[in-house]
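Just so you know, all these numbers are worked out from the coordinates, no wet-lab data involved. As the structure is a computational prediction, the values presented were derived from the model and not from experiment. Ideal geometry is used to build each Cβ from the backbone, glycine not excepted, and the neighbour counts take in all protein chains shown.
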Amino acid sequence: MVENEVIAEYFSKLPAPTYNMVRYTDWIRPYLIEEHKDCKGKATEKEKKILKILENLVKYEDYLKKQLPQGEIQEGEEFIRGSP
């Protein structure tokens, strides 16, 4: 997603589907973590895809971090950067 900064910027500015999140993409990491828990211990194609998406999500989250003023963390940001 970050290979094209125009797309990354577009997604970073989409409003969240609920007031529980800062931006639209904030639901992705918690969802993937839950799906990964279901795959734990099984080397499935689904688990491989989830791990690949998480790798790309880290790149996108790093892009978001660069967009914030130095030292500023938006509410909920520490939850988003949680590890699987």
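Could you grab the relative contact order for segment 5-79? Cα pairs under 8 Å, six or more apart, rounded to a whole percent.
Details: 38 pairs, mean separation 19.1, N = 75.
So the answer I get is 25 percent.
Using Cβ contacts closer than 10 Å as the measure, can you line up Leu64, Leu51 from fewest to most? Let's see the in-between values first.
On the way: Leu64 22, Leu51 13.
Ranked by crowding around the Cβ, least crowded first: Leu51, Leu64.
What number, in nm² with one decimal, is the all-direction average of the projected area of the convex hull of the alpha-carbon atoms of segment 1-66?
Numbers: hull surface 19.6 nm².
Taking a quarter of the hull surface, the average projection is 4.9 nm².
Let me check I've understood the local charge: for Leu51, count other residues with C-beta under 15 angstrom from its C-beta, Lys and Arg +1, Asp and Glu -1. What total comes out? Before the final figure, lay out the partial values.
Values: positive: Arg29, Lys37, Lys40, Lys42, Lys46, Lys48, Lys49, Lys52, Lys59; negative: Glu34, Glu35, Asp38, Glu45, Glu47, Glu55.
Its environment carries a net charge of +3.
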